[in-house]
Amino acid sequence: MIVEDLDSECPECENTQPLMDHAAGELVCEECGLVVTSTIIDNSKEWRAYTPSEYQKRTRVGLPASLVFHNIGLSTVIEPKNRDFSGRRLNPDQRAQAYRLGKWQRRSQTAVSSDKNLTFAMRELTKVTHKLHLPRNVLETAAYIYRLAKKKDLSRGRPIRGMVAACLYIACRQCNVIRHLGEVAKASQISKREAWRVYRLLIRNLETPVPRVQSQRYISKYVSQLSLTGEAEVLAIQILETAAKLKLLDGRNPAGMAAAATYITCRITGEQRTQEQIAQVGRITDVTIRNRYKELFRMIQISFNV
């Protein structure tokens with residue numbers, strides 16, 4: 001028996017903390033012994049072991065369900081092997097039959113044009129995610145957004161790579177992963193203008209929140225790519241927090257404000273980094289850094305030796 005925090009309540013004694021029996025799949029009341037429900041789904045891992053000798057080398061039964069697969073990972077796959085389930089070799093007739101079954105099974109997966117679209121899109125999503133070194137949750141979120149856009153028929157007549165780039169950028173925003181739209185577009189091998197056009201289309205038609213990017217989230221990226229110390233990172237975040245209290249961040253590019261705070265920090269700590277170096281990391285211009293730097297220096301009144 002394992003105690004779990006469930007919302008079920010015993011109808012007899014109104015006990016709010018029933019016990020979960022994973023072996024029997026039942027929810028049992030600890031006070032009166034009533035079986036509250038006997039249809040609990042077992043979400044634990046599934047293993048297979050056909051013989052006692054295989055028990056120590058158990059394997060998972062199939063892949064986990066995922067939105068990244070065009071069929072959510074729930075289809076049957078006929079593998080091109082010349083052996084049956086017990087390990088015996090197939091005769092020529094059986095081998096030819098297995099080959100034909102596998103061929104038609106592969107063809108049936110992309111028999112409809114919508115399935116072909118989804119298959120190619122999920123493959124592109126996975127490829128771009130690996131190029132940008134994004135975590136798994138971003139990939140799953142982007143796959144969900146693409147499926148939502150396809151359900152509303154927003155992908156019709158539009159390039160798949162543009163849809164992939166826009167969905168991936170929205171997923172990065174939702175998962176608080178800092179990536180510029182230009183980075184995603186370059187990894188998807190399309191222009192930034194095309195990615196921006198599809199991104200605006202999805203924002204207008206999808207009911208999915210896209211949180212605003214905080215300037216403080218850029219600091220860790222800049223510090224890492226510029227090889228700055230932890231002291232510089234803490235000071236840059238403090239500068240932006242002070243600027244936020246003075247409402248200097250409203251209506252300004254968060255990447256530019258973070259770059260200006262990083263430049264001020266470098267001047268204070270003595271870690272010499274030029275405006276051009278910081279601008280290349282932040283994918284902005286030197287003029288933006290100079291303008292934001294003057295505003296921060298004037299309003300926060302930070303004094304340091306130049």
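The values are calculated or read from the model by the stated rules, or taken from the named source; none is laboratory data. Nothing here was measured: the structure is a model prediction, and the numbers come from that model. For neighbour counting, all protein chains shown are included, and Cβ atoms are generated from backbone atoms with ideal geometry for every residue, glycine included.
Taking the criterion of being more than 26 Å from residue 221 (Cα to Cα), in contact (Cβ under 8 Å) with a residue 40 or more places away in the chain and surrounded by fewer than 19 Cβ atoms within 10 Å (Cβ to Cβ), the residues of segment 114-156 that qualify are 115, 117, 119, 120, 144, 147, 148, 152.
Taking segment 250-272 as the range and being surrounded by fewer than 20 Cβ atoms within 10 Å (Cβ to Cβ) and under 25 Å from residue 181 (Cα atoms) as the test, the residues that pass are 250, 251, 252, 253, 254. State which residue is surrounded by the fewest Cβ atoms within 10 Å (Cβ to Cβ) when the search covers only segment 220-238 and only residues that are among the β-branched types (Val, Ile, Thr) and assigned to a helix (DSSP H, G or I). Across segment 220-238, the extreme among qualifying residues is 234.
To keep it simple, each residue is scored yes or no on (1) at pLDDT 90 or above; (2) in a loop (DSSP other than H, G, I, E, B).
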position: 169; (1), (2): yes, no
position: 177; (1), (2): no, yes
position: 193; (1), (2): yes, no
position: 240; (1), (2): no, no
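Restricting to segment 242-274, name every residue that is within 30 Å of the chain's Cα centre (by Cα) and either in a helix (DSSP H, G or I) or among the polar types (S, T, N, Q) (or both). Result: 244, 253, 254, 255, 256, 257, 258, 259, 260, 261, 262. Among the residues of segment 82-101, those that are at pLDDT below 80 and either surrounded by 11 or more Cβ atoms within 10 Å (Cβ to Cβ) or of a type in the set (Phe, Trp, Tyr) (or both) comprise 82, 83, 84, 85. Starting from residues that are without any contact (Cβ under 8 Å) to a residue 40 or more places away in the chain and crowded, with 21+ Cβ neighbours inside 10 Å, keep the ones in segment 171-197 and report whichever is farthest from the chain's Cα centre (by Cα). My answer is 195.
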